[in-house]
1. Take segment 109-120 and flag every residue that is part of a helix (DSSP H, G or I), over 20 Å from LEU150 (Cβ atoms) and touching a helix residue (DSSP H, G or I) at 6+ places or on another chain (Cβ under 9 Å).
2. Go over the candidates LEU83, LEU76 one by one and state the one that is within 21 Å of MET179 (Cα to Cα) and in contact (Cβ under 8 Å) with a residue 24 or more places away in the chain.
3. Tally time: how many residues in segment 128-147 are within 11 Å of the ligand (Cβ to nearest atom) and of a type in the set (Gly, Ala, Ser)?
4. When the residues of segment 149-197 are narrowed to those that are within 14 Å of the ligand (Cβ to nearest atom) and either among the β-branched types (Val, Ile, Thr) or part of a strand (DSSP E or B) (or both), which ends up surrounded by the most Cβ atoms within 10 Å (Cβ to Cβ)?
5. When you look at ARG208, is it open to solvent by 10 Å² or more (accessible area, probe 1.4 Å), within 15 Å of the ligand (Cβ to nearest atom) and either part of a loop (DSSP other than H, G, I, E, B) or at pLDDT 90 or above (or both), yes or no?
6. Check LYS30, LYS87, LYS45, LYS40 and return the single one that is at pLDDT below 95, basic (Lys, Arg) and out of contact with any helix residue (DSSP H, G or I) (no Cβ under 8 Å at 6 or more places or on another chain).
7. Exactly one of (1) away from the ligand (no atom under 12 Å from the Cβ); (2) modelled with pLDDT under 95; (3) assigned to a helix (DSSP H, G or I) is unmet by TYR200. Its number?
8. Given the criteria loosely packed, with under 13 Cβ neighbours inside 10 Å and touching a residue at least 12 places away in the same chain (Cβ under 8 Å), does PRO69 qualify?
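The values are calculated or read from the model by the stated rules, or taken from the named source; none is laboratory data. Just so you know, these numbers come straight off a predicted model, no measurement behind them. So basically every Cβ, Gly included, is an ideal-geometry build from the backbone, and we count neighbours across all protein chains shown. Calculation scope for accessible area: heavy atoms of the full protein, side chains included, ligands and nucleic acids excluded. Shrake-Rupley method; radii C 1.70, N 1.55, O 1.52, S 1.80 Å.
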Amino acid sequence: MKIISDERLLKVPIKDNGEKLVDIKKYCPKVIVRPGAYIKKEGEKYFFKAAFVREGVAKRILVAQDLLPEGYKIILRCGYRPLSLQKKRYLWMYNKLKKKNSDWSKNKLAEETSKCVAPPDIVPPHSTGGAIDISILGANERQLDMGTRLGEFNEKTYTKSKMISSVATNNRSLLIKAMAKAGFVNYPTEWWHWSYGDRYWAAVKKKRYSIYNGL
Ligand SMILES: [Zn+2]
């Protein structure tokens, strides 16, 4: 499994194609934008930006939305995340792990933190506008059971986890099929994290370079 701070990933060259960030609420009105609690806490500036993605990502979200059954909607928790917010999020997780594991070395702490939050110095996927955290709202406007909450970090959040119910497994495969068909790649420890155009996408799709740099 490739992790986000893997050295091979850091070597993927970036040639930004200059695409702009667009507001998904305008681009794809069916999509519901509901930023996570930690973004709300940071205030209006970041709350507003969570609805933005690169235009190529927005186009593909439209495709994925149309692949879902009638009445189902994609719910976006976070798209673009400015580097300043990424830094805060990384430090928050680093300090949380440090408190719990006083015997860990700096390297170990950095390694474990980067499994949950991309380090700010490696062009984090959400800071390129190429990554999205999403789930699906069912016909009754309730979020489908995906086996865990979005943003948890444990064995059950691994996209292919065998520790979740068959209902959750089916719901995840609905998401996986639509997103993969639309051209996104998933980060395998987080069922909700999908990207297009970033380094992770380039590595998985065996592209020569990533098309989105940090913004
Ligand atoms: Zn994410």
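1. As a first pass, look at segment 109-120 and keep what is part of a helix (DSSP H, G or I): 109-116, 120.
Next, only the ones that are over 20 Å from LEU150 (Cβ atoms) stay: 109-112, 120.
LEU109, ALA110, GLU112, PRO120 - these are the residues of segment 109-120 that are part of a helix (DSSP H, G or I), over 20 Å from LEU150 (Cβ atoms) and touching a helix residue (DSSP H, G or I) at 6+ places or on another chain (Cβ under 9 Å).
2. Details: LEU83 fails: within 21 Å of MET179 (Cα to Cα).
Exactly one residue qualifies, and that residue is LEU76.
3. So the first thing to find is which residues in segment 128-147 are within 11 Å of the ligand (Cβ to nearest atom), and the list is 130-134.
Within this subset, residues satisfying the condition of being of a type in the set (Gly, Ala, Ser) are 130-131.
Of the residues in segment 128-147, 2 are within 11 Å of the ligand (Cβ to nearest atom) and of a type in the set (Gly, Ala, Ser).
4. This residue is TRP194.
5. Values: open to solvent by 10 Å² or more (accessible area, probe 1.4 Å): yes; within 15 Å of the ligand (Cβ to nearest atom): no; either part of a loop (DSSP other than H, G, I, E, B) or at pLDDT 90 or above (or both): yes.
Considered against the rule, which asks whether it is open to solvent by 10 Å² or more (accessible area, probe 1.4 Å), within 15 Å of the ligand (Cβ to nearest atom) and either part of a loop (DSSP other than H, G, I, E, B) or at pLDDT 90 or above (or both), ARG208 comes out as no.
6. Values: LYS30 fails: out of contact with any helix residue (DSSP H, G or I) (no Cβ under 8 Å at 6 or more places or on another chain); LYS87 fails: out of contact with any helix residue (DSSP H, G or I) (no Cβ under 8 Å at 6 or more places or on another chain); LYS40 fails: out of contact with any helix residue (DSSP H, G or I) (no Cβ under 8 Å at 6 or more places or on another chain).
Of the residues listed, the single one that is at pLDDT below 95, basic (Lys, Arg) and out of contact with any helix residue (DSSP H, G or I) (no Cβ under 8 Å at 6 or more places or on another chain) is LYS45.
7. Going through (1) away from the ligand (no atom under 12 Å from the Cβ); (2) modelled with pLDDT under 95; (3) assigned to a helix (DSSP H, G or I) one by one, TYR200 breaks only (1).
8. Working: loosely packed, with under 13 Cβ neighbours inside 10 Å: yes; touching a residue at least 12 places away in the same chain (Cβ under 8 Å): yes.
The answer is yes for PRO69.
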